[in-house]
Amino acid sequence: MWSLEFAIAVFVVACPCGIGLAAPTALLVGSGLAAKYGILARGGGEAFQEMAQVDIVAFDKTGTLSEGGQPQVSDFEMTSGTAWTCQTILGIAAELESASSHPLGLAIKQYAAKHEAAQLNATGFDEVAGRGVKANFEVLACTALIGNEAWLSEHGVILDSQTASTLAKWTTVAKSIALVAISDGSADTYSVVAIFGVTDPLRPEAPSVIRLLRDKGIATWMISGDNEPTAKAVAEMVGIPEMNVLAGVLPHQKAEKIEWLQTNGVKRPGSRWQRLFGKKTANERCIVAMVGDGINDAPVGRFSFTPIVSMY
């Protein structure tokens, strides 16, 4: 072992020019090949060096593991006993989502337009990223909500057994859920009037990417704002372990989850040469790469060693 280390030292001292040229040349060629396949690395060679040491890759769900560009409303169901017409409910949903750029919001607006939704105007919009939207409809003398189960729960909405059963059925097949609840002007009590089930097809290459990372000893995680059953269903489809799913995470909370992974994650086994020489990695914390579509992932870039934005 000592002889081998001594030989390497002699080589480095005797041939500094070769070693000095090899590293930047390799990084230049690597940058060119990456650009050929549509990959742009901010930070140049440093980004490639960090990626070579990545222990964990965390994926966003919508628009990253799933196609995200054109999700479709696959299911729409009005709750029993509601006095509101289908066109009015669709009009309320479309108006609430009018300012949203999220793929699920766009899918709901498209569905409403195709099914002759009423044209309505709302005021007093209150939006919480990753949760939902609330607004007032003066013409209808009501206030309406649209969003996930957590958003409705924050406003005191209690789901009946039929609605809860529908949600359980749809989420187990990886459908994202949006609920519409309405409160008339006389009380601040909301009632669920409709449920949307949105299907976002998985990217066909996602399972093979996850499998490739796993074969290299790199752990894969999912950080999603979606509900836990839906997130876990998607994770199972692509091959991410159920225990590695962080669901119900708001956009501003993703950076916290990355920090948590850096501290509590498991570093991948060292290379054969590292094990041979008994060398430890320079950084004892996990090196985490976050892969997202850039819509809700900007805050993560400050904490992730290697933020990756997928552009399709």
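Taken together, the values in this text are just the output of simple stated rules run on the coordinates, not laboratory data. Keep in mind it's a predicted model, so treat the numbers as computed, not measured. Every residue, glycine as well, gets a Cβ built from its backbone with ideal geometry; the counts of neighbours run over all protein chains shown.
So for SER80, SER208, SER191, fewest C-beta neighbours within 10 Å to most, what's the order? Before the final figure, lay out each step's value.
On the way: SER80 8, SER208 12, SER191 17.
Listed from fewest to most nearby Cβ atoms, that is SER80, SER208, SER191.
Tell me, ILE56, ILE240 in order of fewest to most beta-carbon neighbours within 10 Å?
Numbers: ILE56 24, ILE240 27.
Least crowded to most crowded, the residues run ILE56, ILE240.
Would you please give the FRET efficiency between GLU256 and GLN49, computed as 1/(1 + (r/R0)^6) with r the Cβ-Cβ distance and R0 = 22 Å, to the nearest 0.05? Working shown, then result.
Working: r = 26 Å, r/R0 = 1.19.
FRET efficiency, GLU256 to GLN49: 0.25.
Among 46-53, 195-202, 24-31, how do they line up by average Cβ neighbours within 10 Å per residue, starting with the highest? Display every interim value, and only then the final one.
On the way: 46-53: 15.1, 195-202: 19.9, 24-31: 13.2.
Peptide ranking by packing, descending: 195-202, 46-53, 24-31.
Using each residue's phi in region 75-92, evaluate 6.51 cos²θ - 1.76 cosθ + 1.60 at θ = phi - 60° and report the 3J(HN,Hα) Karplus result to the nearest Hz, with x for Gly and Pro.
Taking θ as phi minus 60°, the curve returns 9, 9, 9, 8, 6, 5, x, 6, 8, 7, 6, 4, 5, 5, 4, 5, x, 5 Hz for region 75-92.
Considering amide H positions built from the backbone, and no H for Pro or chain starts, which residues 5 or more places from SER66, or on another chain, come under 5 Å of its amide H?
ARG203
Sorting ILE258, ILE89 on the 10 Å Cβ count, fewest up front, what's the list? Please list the in-between numbers first.
Values: ILE258 28, ILE89 22.
The fewest-first ordering by Cβ neighbours comes to ILE89, ILE258.
At 7 Å along the Cα-to-beta-carbon direction for both PHE125 and VAL29, put a label point, then send me their distance in nm to one decimal.
Once both label points are built, they end up 5.2 nm from each other.
Sequence gap at least 6, Cα distance under 8 Å: using those rules, report the relative contact order of region 72-199 to the nearest whole percent.
Values: 225 pairs, mean separation 37.6, N = 128.
About 29 percent, as a whole number.
For the pairs LYS175/LYS267; LYS114/LYS134; LYS36/LYS267; LYS232/LYS254, note any where the Cα-Cα span goes beyond 29 Å. Walk me through the intermediate numbers first.
Details: LYS175/LYS267 33 Å; LYS114/LYS134 23 Å; LYS36/LYS267 31 Å; LYS232/LYS254 17 Å.
Pairs exceeding 29 Å: LYS175/LYS267; LYS36/LYS267.
Starting from the Cα of SER161, move 7 Å in the Cα-to-Cβ direction to define the label point; list residues of region 68-108 whose amide nitrogen is under 17 Å from there.
Hits in region 68-108 for SER161 at 17 Å: 80-81.
If you take every residue apart from ILE177 with its C-beta less than 9 Å away from the C-beta of ILE177, what net charge results, scoring Lys and Arg +1 and Asp and Glu -1? Can you show the working numbers first?
Values: positive: LYS175; negative: GLU149, ASP226.
Net of charged neighbours comes to -1.
Working out 0.36 nm times the residue gap between ARG285 and THR263, then minus their Cα-Cα distance, what length gain in nm do you get to one decimal?
Numbers: separation 22, 0.36 × 22 = 7.92 nm, distance 0.58 nm.
So the chain would gain 7.3 nm between ARG285 and THR263.
I'd like the FRET efficiency for THR199 and TYR37, computed as 1/(1 + (r/R0)^6) with the beta carbon distance as r and R0 of 35 Å, rounded to 0.05. All intermediate terms of the calculation are to be shown ahead of the outcome.
On the way: r = 29 Å, r/R0 = 0.83.
Efficiency, rounded to the nearest 0.05: 0.75.
Find the centroid of the Cα atoms in region 128-163 and in region 170-242, then give the distance between the two in whole Å.
19 Å
Assign unit charges at the C-beta atoms only (+1 for Lys and Arg, -1 for Asp and Glu), then state the dipole size of region 66-193 relative to its Cα centre in Debye, rounded to the nearest 20. If you can, show how the numbers build up before the last one.
Numbers: 6 positive and 14 negative charges, 58 e Å.
Approximately 280 debye in magnitude.
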